[in-house]
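K.L.:
The structure follows.
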Amino acid sequence: SCVVINEYYVLTAAHVVTGSISQHVIHKGKAYPCAIVAVHVDYDSKVMGKHDIAIARLQIPLKLDFYPELYTKRDEKGKVCGLAGYGYHGDFNSGYSVNTFDNKRRAGSNIIDAINDNCLTYSVHTEPQTSLEFLISPGDSGGGLFIDKKIAGINSYVYATDGRSDSDFGDTGCSTRISDYVEWITKTQAIIEEILKNEKS
């Protein structure tokens with residue numbers, strides 16, 4: 001999964017693209033190849049969730065009716081958020097099933113419980129609870145967490161206290177906190193554009 005932030009740029013999780021040979025975004029059956037993909041310099045695949053963010057520049061524009069702005073406020077804790085992705089699904093009693101992948105996007109909501117090490121965390125609540133309570137699962141990585149229609153997080157991983165990260169009761173979803181990376185996103189876009197400009201000249 002990924003989030004399109006303007007017609008040429010997408011955000012995703014670093015672990016989604018790390019180690020891949022080529023990357024592209026599929027939208028309505030059409031492939032949009034990436035010209036350049038930049039993974040955060042401090043990302044370490046051996047440390048779960050740390051700096052798990054990447055930005056990609058598409059070769060051709062992906063035109064949409066709406067592109068979310070970056071969430072720049074530092075007030076995420078306690079906010080209701082929307083989440084989306086293409087991952088496995090199930091219920092909070094049994095967790096997700098690996099037999100449920102159908103390449104369909106699903107979405108729901110949650111409440112930000114805390115901010116830990118550049119991550120927004122959220123869990124299954126009893127009270128207060130949102131009407132479409134949602135936790136991420138495998139396949140949702142790189143998708144978006146939204147607050148007030150702005151992109152506030154990039155889905156990263158699920159932490160489990162019972163040793164099984166299957167998105168059931170007791171598990172915690174973690175999304176990379178965009179407000180910690182606004183400067184990095186802006187600077188990286190400028191660097192990429194400069195590289196492409198120099199390649200053309």
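K.L.:
Any idea how far the Cα center of region 52-116 sits from the one of region 162-201, in Å?
P.N.:
12 Å
K.L.:
Could you check which residue among Val182, Val80, Val41 shows the biggest mean-square fluctuation in a GNM of the chain with a 10 Å Cα cutoff?
P.N.:
Looking only at Val182, Val80, Val41, the largest GNM fluctuation is found for Val41.
K.L.:
Taking Cα pairs under 8 Å and at least six residues apart, what relative contact order does the chain come out at, in percent?
P.N.:
Details: 459 pairs, mean separation 43.7, N = 201.
The normalised contact order for the chain reaches 22 percent.
K.L.:
Give me D for the chain in µm² s⁻¹, whole number, from Stokes-Einstein with Rh from the Kirkwood sum over alpha-carbon pairs, 20 °C and 1.002 mPa s.
P.N.:
The Stokes-Einstein estimate is 125 µm²/s.
K.L.:
Could you give the C-alpha radius of gyration of region 36-154 expressed as a fraction of 2.2 N^0.38 Å, taking N as the number of residues it contains?
P.N.:
1.13
K.L.:
Where is the GNM fluctuation largest for the chain (alpha-carbon springs, 10 angstrom cutoff): Ser141, Ser123, Ser45?
P.N.:
The residue with the greatest mean-square fluctuation here is Ser45.
K.L.:
For region 1-114, what is the accessible area per residue in Å² when the probe is 1.4 Å?
P.N.:
Accessible area per residue, region 1-114: 57 Å².
K.L.:
Something else about it: Scan region 150-189 for trypsin sites (Lys or Arg not before Pro) in coil per DSSP, keeping those whose Cβ has at most 13 other Cβ atoms within 10 Å, and list them by number.
P.N.:
When the trypsin sites (Lys or Arg not before Pro) of region 150-189 are filtered for loop state and at most 13 Cβ neighbours within 10 Å, Arg164 remain.
K.L.:
With n ≥ 4 as the cut-off for DSSP H runs, can you work out [θ] at 222 nm for the chain, using -39500 (n - 2.57) per run divided by the number of residues, rounded to the nearest 500?
P.N.:
-3500 deg cm²/dmol
K.L.:
May I ask you to list the trypsin sites (Lys or Arg not before Pro) in region 23-80 that are in a DSSP loop and have at most 14 other Cβ atoms within 10 Å of their Cβ?
P.N.:
Lys28, Lys46, Lys63, Lys73, Arg74, Lys77
K.L.:
Round to a whole number: what % of the accessible area of the chain belongs to carbon and sulfur, probe 1.4 Å?
P.N.:
51 percent
K.L.:
Let me ask another. Using a 1.4 angstrom probe on the protein heavy atoms only, line up Ile53, Ile5 by accessible area, largest first.
P.N.:
Values: Ile53 0, Ile5 20 Å².
Result of the area sort, largest leading: Ile5, Ile53.
K.L.:
A further question follows. Going by the alpha-carbon gyration tensor, a ≥ b ≥ c the square roots of its eigenvalues, is region 46-91 rounded (a/c under 1.5) or, if a/c is not under 1.5, prolate (a/b greater than b/c) versus oblate?
P.N.:
Numbers: a/c = 1.34, a/b = 1.25, b/c = 1.07.
It comes out rounded by the Cα gyration axes.
K.L.:
Can you give the charge dipole size of region 116-195 about its Cα centre, rounded to the nearest 20 debye, using +1 on the beta carbon of Lys and Arg and -1 on the beta carbon of Asp and Glu?
P.N.:
180 debye
K.L.:
Could you provide, to the nearest whole Å², the per residue accessible area of region 121-170 with probe 1.4 Å?
P.N.:
Normalised by residue count, the accessible surface of region 121-170 is 45 Å².
K.L.:
Based on Cβ point charges of +1 for Lys and Arg and -1 for Asp and Glu, what charge dipole magnitude is obtained for region 1-63 about its Cα centre, in debye rounded to the nearest 20?
P.N.:
Values: 6 positive and 4 negative charges, 51 e Å.
Charge dipole, region 1-63, about its Cα centre: 240 debye, nearest 20.
K.L.:
Separate question: Give me the number: length gained by fully extending Glu127 to Asp162, i.e. 0.36 nm times residue separation minus the C-alpha to C-alpha distance, one decimal in nm.
P.N.:
In short, 10.5 nm is gained.
The values are calculated or read from the model by the stated rules, or taken from the named source; none is laboratory data. Owing to the predicted nature of the structure, the values given are computational and were not obtained by experimental measurement. Using ideal geometry, Cβ is built from the backbone for each residue, glycine included, and neighbour counts are taken over all protein chains shown. Surface accessibility is based on the protein's heavy atoms, side chains included, excluding ligands, DNA and RNA. Shrake-Rupley method; radii C 1.70, N 1.55, O 1.52, S 1.80 Å.
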